[in-house]
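One structure is given here, and the rest of the page talks about it.
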Amino acid sequence: MFFVNDLERVFHRRVSLEKSDPMTVSSWIRWSALALMALSLGNITGAKGDDASTLSPAFKSVQGVWRTDEGDILDSKWTFKGEELKASVNGTDYAAKVKIDDKAKPHPTMDLELTDGPGDAKGKTAKAIYKVEGEKLIVAVSVPGGDRPTDYEPSGDEIHLFEMKKQKAD
């Protein structure tokens, strides 16, 4: 009988410890649920890897708003935010996912995967070469689906040259 009483006391003590232990199964589930909600909140609020702190130096160099000069043949405004581009060229709007290879030779390259644009442009890639000279961005870009330019010269309707100046933040 003595042995059974000892077991009962040990078992009772163990059960009472589990009840007072702050990390019981129910509290573990609550903390896990809170952790998952916190991680999900980053996705809901749009926190992602294209904020300025995680961008490569090449992407950082083109961030912001760029415009052609008044009177230019191509009236355009390009806005880079992270790895996204929103552009307006002669009143036509485009949106693109941007890929940059600043190590490419003989010129750094830019691929504009069009996510929005006129006609059949959407879904195609416009290939470009670019250079940043201080507050000036020069881009030679092919028509969507065309070959990448080899120099900074426009070529009929196949390659367009944009010389844009960085705009001051409002």
- Please work out how much length the chain gains when fully extended from residue 120 to residue 161, using 0.36 nm per residue of separation minus the C-alpha to C-alpha distance, in nm with one decimal. 12.6 nm
- Message: If DNA, RNA and ligands are ignored and the probe is 1.4 Å, what is the ranking of 86, 136, 165 by accessible area, most exposed first?
- Response: 86, 165, 136
- Task: Report, largest value first, the span of the C-alpha coordinates of segment 42-170 along each principal axis, in whole Å.
- Result: 46, 34, 32
- First check a/c for segment 67-130, with a ≥ b ≥ c the square roots of the eigenvalues of its C-alpha gyration tensor; if it is under 1.5, answer rounded, and if not, answer prolate when a/b is larger than b/c or oblate otherwise. oblate
- Query: Evaluated at 20 °C with a viscosity of 1.002 mPa s, what Stokes-Einstein diffusion coefficient in µm²/s does segment 118-165 have when Rh comes from the Kirkwood expression over alpha-carbon pairs?
  - Reply: 192
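The values are calculated or read from the model by the stated rules, or taken from the named source; none is laboratory data. Nothing here was measured: the structure is a model prediction, and the numbers come from that model. For accessibility, only protein heavy atoms count, side chains too; no ligands or nucleic acids. Shrake-Rupley method; radii C 1.70, N 1.55, O 1.52, S 1.80 Å.
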